Amino acid sequence: MKADPHVQLVLLDVQAHDLELDRVRHRRTTLPEAARVTELETALRKLADRITAAAVEVSDLELEQRKADADVDLVRQRAAKDQQLLDSGTLNDAKQLTNLQHELESLGRRQTELEDIELEIMERLEDASRNRDALLAEQAQAEADLAAAVQARDAAMSMLAEEEATATADRAAAAAGVSADLLALYDKLRADNGGIGAAQLHRGRCEGCRIELTPVDIGRIRDAAQEEVLRCEECRRILIRTAESGL
């Protein structure tokens, strides 16, 4: 293949713009701001599960407390009724009076037990409520952090989009000066060689594979016509001669 030496030099500009586009696209996929958004979204989902569990625990304990309160009230009412009957003086039978006193003592012990249970539930409910409220505060902070992270990510993405648009336009302008067959060869080699299809020959070394050319290869290149499109014998990339090629 043959091409004007100036056109071959332009191919290095195309390569530079393609590398810039690769850099921008790689940054988009590895953007720290985007990773931070993903991290916070994952944390918020986990936090939401913990909040749901904490809310269920609080709800269950509130139900337990209402039942404990009702049990205590029931015993108190029964004791108050028995005490009222005892104080009324209407009972004259000694056995009935003894039984009533025993029942009051039993109700007193039962009330103490139930009040202890009620207090234990209240303490557990207080701890559960405090845990739920702490998780809700953590969620609010995480949501604020996420909003800030999304804003930072979108700003970074917008900047990358501008850089990509500029590089794309510059690449198109440079590629317009390259023949279709040379550009097609370059694109194929670029796809096969990690994004680099054309490389400068710099002081006897291919800048694509970074290997020093042999004296035989240097002599071959030196003797080749300026219009000849050369290829590196090692990596097969298009080899562009410049004033610094060392020929």
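Please treat every number below as a calculation from the coordinates, not as lab data. Fair warning: this is a prediction, and the values are worked out from it, not measured in the lab. Here Cβ is always computed from backbone atoms with ideal geometry, including for glycine, and neighbour counts include all displayed protein chains.
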For residue 67, which lysines qualify as cross-link partners when the Cα separation must be under 30 Å and same-chain residues fewer than eight apart are set aside? 81
FRET efficiency, residue 96 to residue 59 (Cβ-Cβ, R0 41 Å, nearest 0.05): 0.35
Rounded to whole Hz and in sequence order, give me ³J(HN,Hα) for region 201-207 from the Karplus expression 6.51 cos²θ - 1.76 cosθ + 1.60, θ = phi - 60°, writing x for Gly and Pro. 8, 10, 6, x, 10, 6, 6
Straight-distance crosslink candidates among lysines, where the alpha carbon sits under 27 Å from residue 2 and sequence neighbours closer than 8 are dropped: 188
Non-local residues with an amide H under 5 Å from the amide H of residue 230, with H modelled 1.01 Å from N and Pro and chain starts lacking one, are 239
In whole µm²/s, the translational diffusion coefficient that Stokes-Einstein assigns to the chain, given a Kirkwood hydrodynamic radius over C-alpha pairs, 37 °C and 0.692 mPa s, equals 126
Would you give the gap between the C-alpha center of region 141-190 and the C-alpha center of region 81-120, rounded to a whole Å? 85
So, relative contact order of the chain in percent, Cα under 8 Å, 6 or more apart, is 33
